[in-house]
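Quick note: the coordinates plus some simple rules give every number you see, no bench work behind them. The model shown is predicted, which means the values in this text are computed figures rather than measured ones. Methodologically, a virtual Cβ is constructed for each residue, glycine included, from the backbone with ideal geometry; neighbour enumeration extends over all protein chains shown.
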Amino acid sequence: MSKQSDYTAEEWKTIVSAPLAAGLLVSLADLSSPLGMAKEAVAVFEGIVEPLTTSSNELIKTIAEGWKAQTFKPDLPDLPRDSPDSARRWIIDLCKQAAAIVSQKSPDEIDEYNRWLVSLARKTAEASKEGGFLGIGGTLVSDSEKAAVDELVAALGVQRWQLLK
């Protein structure tokens, strides 16, 4: 099991930022109403800290503890603004970089770390209905959100995942 001291400051910043980026990937795929965006933000934070009670993975628990205590501040550089596609590619690349770092430093933890990132994207997708009017109608997970999660799954090589709806 790895710990923060096993990583350089730059590597740690990358692996700590990836969980937020995974949620952001889905949020940007299909922009929600302000209430929907708030629900998605809450889902990401809850998903990041959930491993404190559900995981035995020390790396993930350390990241979760830092987020809960607010000792980690996500240091995401400005997303590319030229197109949503550029922002999406940048986020996918960040998640892949984080996974490569964890894989190199702690190969025993990479599968769970990757599944965690995908679970954060999935929780974000399922946090708020898309479309509809005043909460009536719409769909729990839009095609754009599903495509974003699928892309992250493919990029990280995660097996056996599914959206609830």
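Quick notes on this structure:
- Under Karplus coefficients 6.51, -1.76 and 1.60, residue-wise ³J(HN,Hα) of the stretch 86-92 in Hz, glycine/proline x: 5, 5, 4, 4, 4, 5, 4
- Close amide-amide hydrogen proximity is noted between S128 and no other residue 5 or more places distant or on a separate chain, at a cut-off under 5 Å (H modeled in the peptide plane; Pro and chain starts excluded).
- Between E112 and Q97, the distance separating the two model label sites (each 7 Å from Cα on the Cα→Cβ line) works out to 2.6 nm.
- A simple rule links phi to the HN-Hα coupling: the Karplus curve 6.51 cos²θ - 1.76 cosθ + 1.60 with θ = phi - 60°, which for the stretch 95-105 gives 5, 5, 5, 4, 5, 5, 5, 4, 4, 6, 7 Hz, with x for Gly and Pro.
- With θ taken as phi - 60° and the Karplus curve 6.51 cos²θ - 1.76 cosθ + 1.60 applied, the whole-hertz 3J(HN,Hα) list for the stretch 3-17 is 9, 4, 5, 7, 10, 6, 4, 5, 4, 4, 4, 5, 6, 7, 7 Hz, x standing for glycine and proline.
- Plainly put, the stretch 1-123 has a radius of gyration that is 0.95 times its Kirkwood radius, both from alpha-carbon atoms, as the Rg/Rh ratio.
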